[in-house]
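J.: I have a structure I would like to understand better, so I am pasting it below and will then ask my questions one at a time.
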Amino acid sequence: MAVSVLRTKRGLVKPWKETPLTTLDLSVIDRLPVLRCNAQTLHVFKHGPQATRVIKEALSKALVPYYPLAGRLKESQLGCLQIECSGDGVWYVEASSDCTLHSLNFFDDVHSIPYHHLLPDAVPETQPLVQMQVTQFACGGFVIGLIFCHSICDGLGAAQFLNAVGELARNLEKPSIEPVWHRNFFPSSQITALPPTPLAPPEMPEYKLHHANIDMPLDQINRLKREFQQVTGLNCSTFEIVAAACWASRTRAVRFEPNTELKLVFFANCRQLLDPDLPNGFYGNCFFPVTMTASCESLRNATTVGVVKLIQEAKAKLGVEFDRYLKGEHLKNGEDPFAPPLTYTTLFVSEWGRLGFNHVDYQWGPPVHVVPIQGSSIIPVAIVGSMPLPSKGIRLMTWCVEEPHRVPFLHEMHGVMNEGLSM
């Protein structure tokens, strides 16, 4: 896709007014090595004249209540991350393009998106926690390329911050949700021991994962949920239906050896599992991996109804497992629930539709769609998101199979969607 992008201005956006200069501790979950990475996304908006100016000003205002995001990561001792609230600011790039978003089909085709043109460049060595590029297109629309440090926010927290920027861009006096730090939600002394660092780096897999999108209109999803209710007498969520179909379809497409042990992993929000609940406005990491294991043969022969039940049984244990983690029981047993095997036999499924990115409004309405950017070419991932507006339904965005398995995987998924849960 030939897209000409001209970056016209780069710099640090600092808080609108003076903010506290202090050092804040991160939570035990924030400090997990697996979260020492950046999440990258594109947010595509159909309208937004002068978006670069409006968003830059609102961003500066949002950094007053969210002042830790204008700071920098600091490691006080091995494995102990903190935030130095320095007010240094976030990285902001202004750009323009003479293309129209309509001519680019609003970047609906993931394969041809020129990510390197739309994400911020020339990032300072000090590594700002938030990096943003706003590219204004000739049609009046714009695209935000966002890079967010995962150690300070999970998806819900990042979306909360962007919604605050949007509210300030719409001239609200202050964000409707007051941010709360509260990273001491359980005693870190209980879970300070990290798994030992291996003497040699793990051997990297040789496979390469390929992208595949599956769109599921809302009426199709609702039909499958009704079918599940008729068969079992129980209700199920959209996520459970989609995750079950994806796991089973991938298993049949890949044709693992019959006794191969397969894992499905997804991360569940745990804000409401603490006693007391985390306060409204908390924007740190608070989630726990739900992991289930099944043999290849049992999955290949299971119906989608049966796999949904497996997922529901695993979710029902979340409270108990998270409580064990808070008490440090996993580490006592030599387990690390946040480190499942990163192999072709493990599928990670992530739900994006309920994070709040699709509701961010900077004055001109919500995004047409939000595009996650592949973080690794060797970790099988499926992201449950929303179909681009004005369509209603689910878009399953996957990087979970090698090229020889891509067409069989799509065939199996379409079979479930069209033929029902008996598949």
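J.: Quick check on the range 289-302. Is at least one of its residues assigned to a loop (DSSP other than H, G, I, E, B) and either free of Cβ contacts under 8 Å to residues at least 12 places away in the same chain or of a type in the set (Val, Ile, Thr) (or both)?
T.: No.
J.: Failed condition for residue 342, given (1) open to solvent by less than 60 Å² (accessible area, probe 1.4 Å); (2) under 22 Å from the mean Cα position of the chain (by Cα), with all others met?
T.: (1)
J.: Could you grab the pairs with beta carbons closer than 7 Å, sequence gap of 6+ or different chains, first residue in the range 90-108 and in contact (Cβ under 8 Å) with a residue 12 or more places away in the chain and assigned by the TED database to the domain that holds residue 60, second one part of a strand (DSSP E or B) and basic (Lys, Arg)?
T.: Listed by first residue and then by second, the contacts come to 93/7; 93/10; 94/9; 95/7.
J.: Could you say whether any residue in the range 53-65 is buried (at least 20 other Cβ atoms within 10 Å of the Cβ) and touching a His at 6+ places or on another chain (Cβ under 9 Å)?
T.: no
J.: Inside the range 143-190, can you point out the residues that are in a helix (DSSP H, G or I) and aromatic (Phe, Trp, Tyr)?
T.: Matches in the range 143-190: 161 only.
J.: Moving on to the next point. Which residues, counting only those in the range 73-89, are outside any strand (DSSP E or B) and either free of Cβ contacts under 8 Å to residues at least 24 places away in the same chain or open to solvent by 20 Å² or more (accessible area, probe 1.4 Å) (or both)?
T.: 78, 86, 88
J.: Does residue 7 satisfy being among the basic types (Lys, Arg) and either not in a helix (DSSP H, G or I) or not assigned by the TED database to the domain that holds residue 121 (or both)?
T.: The answer is yes for residue 7.
J.: In addition: I'd like the full set of residues that are under 30 Å from residue 415 (Cβ atoms), open to solvent by less than 80 Å² (accessible area, probe 1.4 Å) and either of a type outside the set (Phe, Trp, Tyr) or modelled with pLDDT under 50 (or both), limited to the range 183-221. Spell out how you get there, then give the answer.
T.: Residues of the range 183-221 that are under 30 Å from residue 415 (Cβ atoms), as a first pass: 205-221.
Narrowing further to those that are open to solvent by less than 80 Å² (accessible area, probe 1.4 Å): 205, 207, 209-217, 220-221.
205, 209, 210, 211, 212, 213, 214, 215, 216, 217, 220, 221 - these are the residues of the range 183-221 that are under 30 Å from residue 415 (Cβ atoms), open to solvent by less than 80 Å² (accessible area, probe 1.4 Å) and either of a type outside the set (Phe, Trp, Tyr) or modelled with pLDDT under 50 (or both).
J.: Another question about this same structure. Please work out which residue is farthest from residue 344 (Cα to Cα), limiting yourself to the range 385-423 and to residues that are touching a Lys or Arg at 6+ places or on another chain (Cβ under 8 Å) and assigned to a strand (DSSP E or B).
T.: This residue is 386.
J.: Moving on. Determine whether residue 320 is surrounded by fewer than 18 Cβ atoms within 10 Å (Cβ to Cβ) and more than 26 Å from the chain's Cα centre (by Cα).
T.: No, not satisfied.
J.: Can we say residue 31 is assigned by the TED database to the domain that holds residue 130, in a strand (DSSP E or B), among the charged types (D, E, K, R) and open to solvent by 20 Å² or more (accessible area, probe 1.4 Å)?
T.: Judged against the criteria, residue 31 is not a match.
J.: Let me ask another. When residues of the range 119-141 are filtered for being open to solvent by 10 Å² or more (accessible area, probe 1.4 Å), closer than 24 Å to residue 104 by Cα and part of a loop (DSSP other than H, G, I, E, B), how many remain?
T.: Counting residues in the range 119-141 that are open to solvent by 10 Å² or more (accessible area, probe 1.4 Å), closer than 24 Å to residue 104 by Cα and part of a loop (DSSP other than H, G, I, E, B) gives 6.
J.: Same structure, new question: Taking only the range 64-85 into account, find how many residues are touching a strand residue (DSSP E or B) at 6+ places or on another chain (Cβ under 7 Å) and under 16 Å from residue 149 (Cβ atoms).
T.: Residues flagged as touching a strand residue (DSSP E or B) at 6+ places or on another chain (Cβ under 7 Å) and under 16 Å from residue 149 (Cβ atoms) within the range 64-85 amount to 14.
The values are calculated or read from the model by the stated rules, or taken from the named source; none is laboratory data. On a predicted model such as this, the values are computed, not experimentally measured, just so you know. When we count neighbours, we look across all protein chains shown, and the Cβ atoms used for this are built from the backbone with ideal geometry, even at glycine. For accessibility, only protein heavy atoms count, side chains too; no ligands or nucleic acids. Shrake-Rupley method; radii C 1.70, N 1.55, O 1.52, S 1.80 Å.
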